[in-house]
Amino acid sequence: LNVTEEKFVLDTLEGCTEYKSILDVVVNAFYAQDGRYCPISDRNLYLVICYLATFQIEEIGLQHFSRIVKSLDTAKMQKFLRFFFNDLYLNTWIKDEWSHFYDSVYVKENWIDPLLRWQPKVQQLIEKLTDKLSNRTTTVKTSRVTQPKEFNLTVPKPRAIPLPPPAPLPVLAKSQPVPPSIYKPPKERKQLEEIKTKNIQKAKVSIRSLTCVCKGDPFFLNTLPVQGTILSGREIDPFLPQHLEVVWESVLTQYFKELTEQPQDLIDNIPIKLNTAAILREGALYQRKLEEELKRIENLQQGAGDPSEFLEWQKQMRGKDLEEQLAEIECRRLQGKLSHEEAVLARQNVIQENKKKADLLREKKAELMHLYAEKRLQEQKEMKELVEQVTEGHKNVKQVKAKIQEYKQHIVQQVCEESEELLRQALEEEEEKNRKRYELIQQIRAIESTPNIRHKFVDLTETGGHGLFGEMSIVELHERLALLKEAHKAAEEEKRDQIIHEKQAKEQLLLNKLDQISQFRAELGRAAALKQEEKKKSQSGERPMKDERILNLQKKIAEKTMDRKKQEGLL
């Protein structure tokens, strides 16, 4: 395209984009009424024709506009122009719809009135298109014979040179498998489990023998006094006689004695290896126990009392707090239920009010629609009168329009000539700039092509002379680096000595902790041995009494058996 044609195309594209809203009104109405069977792909075509007819027809002239229309499909253009240049449509709904986007006075003066002025000439163009459609003869399309073409075969590419095989990947050394002892439990745990199972079996045997003794003579046991007891957390039958309490106590004491004494010896004999964390943890435990014991003794010396009363009071207060919390929760639940009911009532009231408002709005809308219809009818009547007046005024303006059109064409021709002259001057200036730039590049390349010989003697004892702070020569830099290395090595030696001293102090602390732990363990062992001896002495003092009670019970049992047999003989 030349400059004028390119400018015309760009202006048309810009105008279609800017006035798309009002153009869409006309094209959408055309598709809804006369163009129901037109393809939607022609929408942009109708948009461009509508824009040219509305905004550009006075600038380009009717002759240019007719040439554009005739170059397109005749049926489509005849149908669209007949729809768009309808006097009734222009004065009624097209004007109303365009007034939604722009001022009504501006729409009437700048768009509707020019269209009505051009309507007679465009009507002549529509009649020519109609005649052309009526005289058009249908042409039969002849089928073309298929012409064979050569195959476009691809040229094989030259074979590439084979590359050498890649280097083998390094193989990692096979790692040793995890030893199976990691997944096995320790032997000490297994020994403890065996001791535990043996003790449980012994307890079952002793309890089984006790039940056999109890079931030996059930009729005789019913004759003895009855007392219900609870031993070791287990409830005894209320019909069990009183003398079996002694048997239960003897069996249970023997069971607990075997359970507590025998595993303790084996556990003490198991070697346990202590690491640093275990030693420090056990030392802290004994230290904390010692501090607690000293604090307890100090409190007793100061007259500390029994905290049972405080605990009872605390329990009561917590009970009261719990009751208050439950009451408050119940109140909140009831309040929530009440608020739910109130919300339901409020929602129903809002729905009723909305219904009333909707009815009022419908009535108002009906009244407004009636008024609007009357107003539209009145406007249509006024428009018809105005159209008649305008058509009469157009008859006297044709000669003036022709003169104006010739004057505009003359101005356009002058503008085109001036623009061509400006373009020619711009091209000459650009060529002059390119020529000077090319000469400058040639000079620069000639300067760069000349060899530049540089010889400079380097002295390592001199500085660079750049004027920077701390500037030094290469020799001084090496000397300073050597001094820094020596200082770094001295610092490493000092830190190594410090680490060794700290390690020795830590080992000494662990040895002290081990001595302290061994002392605590020895003291605890002595206390346990003294307690065991006292317990044995107390048990040895109670055994004769228990034995005498058993003998007395046996005598009573024998007497009761004799009495029962005598009564059986009498019966």
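What accessible area, in Å² to the nearest ten, does a 1.4 Å probe give for residue 93?
50
List the chymotrypsin sites (Phe, Trp or Tyr not before Pro) in segment 1-56 that DSSP assigns to loop (not H, G, I, E or B) and whose Cβ has at most 10 other Cβ atoms within 10 Å. Which are they?
37
Could you compute how fast segment 3-136 diffuses translationally, taking Rh as the Kirkwood radius over C-alpha pairs and applying Stokes-Einstein at 20 °C with viscosity 1.002 mPa s? Give it in µm² per second.
D, rounded to a whole number, is 140 µm²/s.
Report the charge-dipole magnitude of segment 3-136 in Debye, nearest 20, computed about the Cα centre from +1 at each Lys and Arg Cβ and -1 at each Asp and Glu Cβ.
Its charge dipole is roughly 660 debye.
Residue 13 versus residue 359, label points 7 Å from Cα toward the beta carbon: distance in nm?
6.0
What does the charge add up to near residue 88, with Lys and Arg as +1, Asp and Glu as -1, over the other residues with Cβ less than 15 Å from its Cβ?
Net local charge, residue 88 excluded: -3.
Can you give the accessible area of residue 54, probe radius 1.4 Å, in Å² rounded to 10?
Answer for residue 54: close to 10 Å² accessible.
Which order do 415, 26, 155 take when ranked by solvent-accessible area (1.4 Å probe, heavy atoms of all protein chains), largest first?
In descending accessible area the options line up as 155, 415, 26.
With every protein chain in place, what's the accessible area of residue 356 (1.4 Å probe, Å², nearest 10)?
For residue 356, solvent-accessible area is about 140 Å².
Ranked by accessible surface with a 1.4 Å probe, highest first, in what order do 370, 466 come?
466, 370
Show me, for segment 11-28, the HN-Hα J-couplings you get by feeding each phi into the Karplus relation (A = 6.51, B = -1.76, C = 1.60, θ = phi - 60°), rounded to Hz, glycine and proline as x.
Values, residue by residue: 5, 5, 5, 5, x, 4, 6, 6, 9, 5, 5, 6, 5, 4, 4, 5, 5, 5 Hz.
Short version: ³J(HN,Hα) in whole Hz for each residue of segment 165-176, in order, from phi by Karplus 6.51 cos²θ - 1.76 cosθ + 1.60 (θ = phi - 60°), x for Gly and Pro, what are they?
Result, ordered by residue: x, x, 5, x, 6, x, 9, 6, 5, 5, 7, 6 Hz.
Quick one: if the Förster radius is 51 Å, what FRET efficiency do residue 479 and residue 160 give, using the C-beta to C-beta distance and rounding to 0.05?
0.30
Can you compute 3J(HN,Hα) from phi for each residue in segment 193-205, using the Karplus curve 6.51 cos²θ - 1.76 cosθ + 1.60 with θ = phi - 60°, rounded to whole Hz and x for Gly and Pro?
5, 4, 4, 5, 5, 4, 4, 5, 5, 4, 5, 5, 4
Testing the spin-label approximation: label points 7 Å from Cα along Cα→Cβ at residue 523 and residue 431. State their distance in nm.
Placing both labels 7 Å along Cα→Cβ, they lie 11.6 nm apart.
Give, in nm to one decimal, the length gained when the segment between residue 371 and residue 493 is fully stretched (0.36 nm per residue of separation minus the Cα-Cα distance).
Length gained between residue 371 and residue 493: 33.3 nm.
Tell me, in nm to one decimal, what length is gained between residue 409 and residue 447 on full extension, where the rule is 0.36 nm per residue of separation less the Cα-Cα distance?
Stretched out fully, the residue 409 to residue 447 stretch lengthens by 7.9 nm.
Filter the GluC sites (Glu not before Pro) in segment 147-200 down to the DSSP loop ones having no more than 15 other Cβ atoms within 10 Å, then list what survives.
Answer in residue order: 150.
Could you compute the FRET efficiency for residue 508 and residue 536, with r as their C-beta to C-beta distance and R0 at 30 Å, rounded to 0.05?
0.10
Mind giving me the FRET efficiency for residue 287 and residue 310? R0 is 25 Å, r the Cβ-Cβ distance, nearest 0.05 is fine.
E(calc), rounded to 0.05, equals 0.30.
The values are calculated or read from the model by the stated rules, or taken from the named source; none is laboratory data. All figures in this text were calculated on a predicted structure; none of them were measured in a lab. No Cβ is skipped: glycine too gets one built from the backbone with ideal geometry, and neighbour counts run over all protein chains shown. Calculation scope for accessible area: heavy atoms of the full protein, side chains included, ligands and nucleic acids excluded. Shrake-Rupley method; radii C 1.70, N 1.55, O 1.52, S 1.80 Å.
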